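The structure appears right after this line, and notes come after that.
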Amino acid sequence: MKDFYSLTEVADMLGVSKNTLRRWDNNGKLKAVRNPINNYRVYPRDSLHQFEELNFIFQSSAREQPKPAK
């Protein structure tokens, strides 16, 4: 799974507009970090834990982790 998601990806996954995500960033509800190359907002996967709709991101990544060798 990805470590960062774009503004568009998060908006689509949550079913909200990109402007809503920008407003949430400005208000502190969901803080974005800036891509150092193009200064676009990106959202770390860990910051998305607060949204139940996105639990599939974390459930699938748990299944992908290899099990330790015996």
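Taken together, the values in this text are just the output of simple stated rules run on the coordinates, not laboratory data. Just so it is clear, the model here is predicted, and its values are computed rather than measured. Here the Cβ positions follow ideal geometry from the backbone for every residue, glycine too, while neighbour counts run over all protein chains shown.
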Quiz item: Counting other Cβ atoms within 10 Å, which chymotrypsin sites (Phe, Trp or Tyr not before Pro) in the stretch 1-59 have at most 15 and lie in a DSSP loop?
Solution: Y40, F51
Self-check item: Label-point separation, W24 to E9 (7 Å along Cα→Cβ), nm
Solution: 1.5
Practice problem: Search the structure for amide H atoms under 5 Å from the amide H of Y5, placed 1.01 Å from N in the peptide plane, and list their residues when 5 or more places away or on another chain. | Solution: Y43, R45
Quiz item: Between F51 and S17, what FRET efficiency follows from the Cβ-Cβ distance if R0 is 25 Å, with the result rounded to 0.05?
Solution: 0.95
